[in-house]
Amino acid sequence: MLDALTQAELLAERVVRGTPLSELASPIPLGSGEVLHAQVEADGWRFHGLDVLVEQRQPLVFGGPAAFGLAATAAAIGNRRARSDAERLAAPQWRALGVMPVLATNQRLCVFHDGVWGSVWYSAIRQLIPHPAEGRLELLFEDDPPYLLVGEWVPYLTVVVTAVLAQVHGVDTVMTMLCTA
C-alpha cells in the first residue's frame, strides 16, 4: 500500500486532470447537499492565549520595621515572579487539542473535540499554510484563532480542502489563500 504522502500526490494529480473527489459514507449526519470527501485523524492545535489567575501574596509579619521590610521585599519578588510566570502561560501560543477525527466535506471540516463535533466552515478560512513534507496544515481565519492540524494523512486532507475551495471560489482565489513557507 502507498504511503499517505504519495496518496496525497496522486489525488492532487487526479484533481488537476478533472477527476471529481471521492464521495464517502459519513459517520455523522451531514447537511442538505453536503458530501463527505475524506476522513482522517490528526493532532489538533489552536493558537490562543489563556486566562490565568495570579495569586498575590501579602506579607504578614510580626516584629520590627526590619522584619517587615524583608518580608515585603520577599513578597514583592515572589509576586513579580508569579506575574511573570502567569504572563508566559497566558501568552498566545500553540495549545494542543489532542488527536481528533477530522471529516472533510464539500462545505466544512468537522472536528471531534471534547466529545462533540465542531464545524470549521470553508467560508471562514482566509489562508492555508500547507507543510506537506511535515504532515502539517495551518488554517488562518479573520476573527478566530488559527488551527494547526498535524498527522500522516494531513497532506491528503490538504488536497481535498484545496480542491473544494477551488471548486467554490476558483483557482485564482485559492492561489491567493495559499501561503507556502
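The values are calculated or read from the model by the stated rules, or taken from the named source; none is laboratory data. Source: prediction; values computed, not measured. No Cβ is skipped: glycine too gets one built from the backbone with ideal geometry, and neighbour counts run over all protein chains shown.
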- Query: Which residue out of Pro145, Pro130 is over 23 Å from Met1 (Cα atoms), surrounded by fewer than 20 Cβ atoms within 10 Å (Cβ to Cβ) and in the same structural domain as Gly31 (by TED's automatic domain parsing)?
  - Reply: Pro145
- Task: Assess whether Arg108 counts as being among the charged types (D, E, K, R), within 19 Å of Ala25 (Cα to Cα) and modelled with pLDDT of 95 or more.
- Result: yes
- Looking only at the stretch 163-181, which residues are surrounded by fewer than 20 Cβ atoms within 10 Å (Cβ to Cβ) and in a helix (DSSP H, G or I)? Leu165, Ala166, Gln167, Val168, His169, Val171, Asp172, Thr173, Val174, Met175, Thr176, Met177
- Query: On the given criteria, is Val102 surrounded by 14 or more Cβ atoms within 10 Å (Cβ to Cβ), outside any strand (DSSP E or B), at pLDDT 95 or above and of a type in the set (A, V, I, L, M, F, W, C)?
  - Reply: no
- Pairs with Cβ under 6 Å, 6+ apart, first in the stretch 110-129 and closer than 25 Å to Val171 by Cα and outside any strand (DSSP E or B), second modelled with pLDDT under 95 and of a type in the set (Phe, Trp, Tyr): Ala124/Phe141
- Within the stretch 20-61, how many residues are assigned to a loop (DSSP other than H, G, I, E, B) and either within 24 Å of Asp144 (Cβ to Cβ) or at pLDDT 75 or above (or both)? 19
- Message: When you scan the stretch 148-159, do you find a residue that is assigned to a loop (DSSP other than H, G, I, E, B), acidic (Asp, Glu), assigned by TED's automatic domain parsing to the domain that holds Val16 and in contact (Cβ under 8 Å) with a residue 24 or more places away in the chain, even just one?
- Response: yes
- Out of Gln127, Gln107, report the one residue that is of a type in the set (S, T, N, Q) and under 13 Å from the mean Cα position of the chain (by Cα). Gln127
